[in-house]
Amino acid sequence: MESKIRHVSLTNERMSDLATLFLQVFGRSFDPEDLRHKYDTSFLGVHELGLVAMDGNCAVASAGILPQRFIAGDQQWLGAQVCDLAALPEVRGTGLHDRLLAEALNIARERGVDFFFTLPNDQAHRALDRHGFSWLGRMRGFRIPVATFPLGRLGRRFPLIQRLHLSIASRILNQSKGADSFQNSHAAAGALCIDYSRSYVLRKRRRPSAIIDAGGTPAWVAADSALEIGDLETAGVDDLDPALGALSRVARRIGCSSLLFQCTAGTTLETALSRRFMGFESWPVGVLGCRPHVPLKDLRLNFGDMGTF
Ligand SMILES: CC(C)(COP(=O)(O)OP(=O)(O)OC[C@H]1O[C@@H](n2cnc3c(N)ncnc32)[C@H](O)[C@@H]1OP(=O)(O)O)[C@@H](O)C(=O)NCCC(=O)NCCS
């Protein structure tokens, strides 16, 4: 089979093939339009870094590479998230995916990527180990229940309810919306973090989302079955109550039955949340530098930085 395999760039035209591959690998349907949106990083001047392995007209494996502009103090770096690693069961364990990923990483290096980061599951973790990724520790998750009619959760099972939920969420988040961009909450401390430019935030809007005022501080939120908190600036550990109150009120009106946070361990927000709530271990964070002096140990990620947000 191997000789017939071609590696092709993950262009707009390939998103239907990618969606078909994901349906077989992950067992649920993906909208090619959503995938197009996710991979449209043309605003950075760098795009189409990922690869798909094609056997004739059929996609058998994928390696997604999503470039993002990072800042660290007054320096800028081009980071790239390695994501959407998938292979059909019949080609796993053959090295086919390994070669695809190696080529995708090389193309990205040649196109100027300074470092890679990744938040994989266990299967992808092993594949990434082989490519030299090192691990910074896991994100910490916090789920805070909100008493409401669980429209979002029911929407996962019933498409009609989902449409209703999305339209309510869009309306309410639009009403509460503030700016189109804001400063990453880790930027002031000089951490290595994504530059939340207007184009970056707009590209993320596959689901109802907005930057809203949460009790005096900007919060970037997206509505799913939970109200997901993409980023939230907290001045100190005692500072959380007004923000949580405001976020819970928005979640209640939208029908999101919890607030969901994913934070880098040790950050102000994570410390503040862990004093009040029981957290859980979430995705591991892997990094791989492409050149010296990238301050990888200072990497701080938010929920909003995930491919799924
Ligand atoms: C993640 C995934 C894409 C990795 O694909 P894979 O085929 O398992 O991984 P590789 O192509 O790297 O294959 C490597 C394995 O094949 C073996 N192998 C056999 N022949 C090989 C060869 N010629 N060259 C390299 N490796 C070879 C390796 O030893 C390795 O085994 P090991 O993991 O026990 O060490 C695949 O497991 C998958 O699709 N999982 C489901 C989707 C998923 O969860 N994706 C992650 C989302 S974050």
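The values are calculated or read from the model by the stated rules, or taken from the named source; none is laboratory data. Worth saying up front: this structure is predicted, and the values here are computed from it rather than measured. For neighbour counting, all protein chains shown are included, and Cβ atoms are generated from backbone atoms with ideal geometry for every residue, glycine included.
Kindly check whether there is at least one residue in region 87-99 that is out of contact with any helix residue (DSSP H, G or I) (no Cβ under 7 Å at 6 or more places or on another chain), surrounded by 19 or more Cβ atoms within 10 Å (Cβ to Cβ), modelled with pLDDT of 95 or more and farther than 30 Å from L247 by Cβ.
No, every residue in region 87-99 fails to be out of contact with any helix residue (DSSP H, G or I) (no Cβ under 7 Å at 6 or more places or on another chain), surrounded by 19 or more Cβ atoms within 10 Å (Cβ to Cβ), modelled with pLDDT of 95 or more and farther than 30 Å from L247 by Cβ.
Tell me which residues, restricted to region 1-51, are polar (S, T, N, Q), within 16 Å of the ligand (Cβ to nearest atom) and touching a residue at least 12 places away in the same chain (Cβ under 8 Å).
Within region 1-51, T20, Q24 qualify.
Taking A246 and the conditions (1) more than 19 Å from A169 (Cβ to Cβ); (2) part of a helix (DSSP H, G or I); (3) of a type outside the set (S, T, N, Q), which numbered condition does it fall short on, given that it satisfies the others?
Among (1) more than 19 Å from A169 (Cβ to Cβ); (2) part of a helix (DSSP H, G or I); (3) of a type outside the set (S, T, N, Q), A246 violates only (1).
Looking at region 253-309, which of its residues are part of a loop (DSSP other than H, G, I, E, B) and under 30 Å from R36 (Cβ atoms)?
Passing the criteria: G255, C256, C290, V294, R300, L301, M306, G307, T308, F309.
Just a yes or no: is a residue in region 82-97 of a type outside the set (F, W, Y), away from the ligand (no atom under 12 Å from the Cβ) and assigned to a loop (DSSP other than H, G, I, E, B)?
No.
If S134 passes every condition in (1) within 14 Å of the ligand (Cβ to nearest atom); (2) within 30 Å of I229 (Cβ to Cβ) but one, which one does it miss?
Checking S134 against (1) within 14 Å of the ligand (Cβ to nearest atom); (2) within 30 Å of I229 (Cβ to Cβ), the one that fails is (1).
Look through L301, L296, L232 and report the one residue that is in contact (Cβ under 8 Å) with a residue 40 or more places away in the chain, crowded, with 21+ Cβ neighbours inside 10 Å, under 15 Å from L136 (Cα atoms) and of a type outside the set (S, T, Y).
Selected residue: L301, the only one of L301, L296, L232 that is in contact (Cβ under 8 Å) with a residue 40 or more places away in the chain, crowded, with 21+ Cβ neighbours inside 10 Å, under 15 Å from L136 (Cα atoms) and of a type outside the set (S, T, Y).
Within region 98-132, how many residues turn out to be part of a strand (DSSP E or B) and of a type outside the set (S, T, Y)?
Number satisfying all stated conditions: 3.
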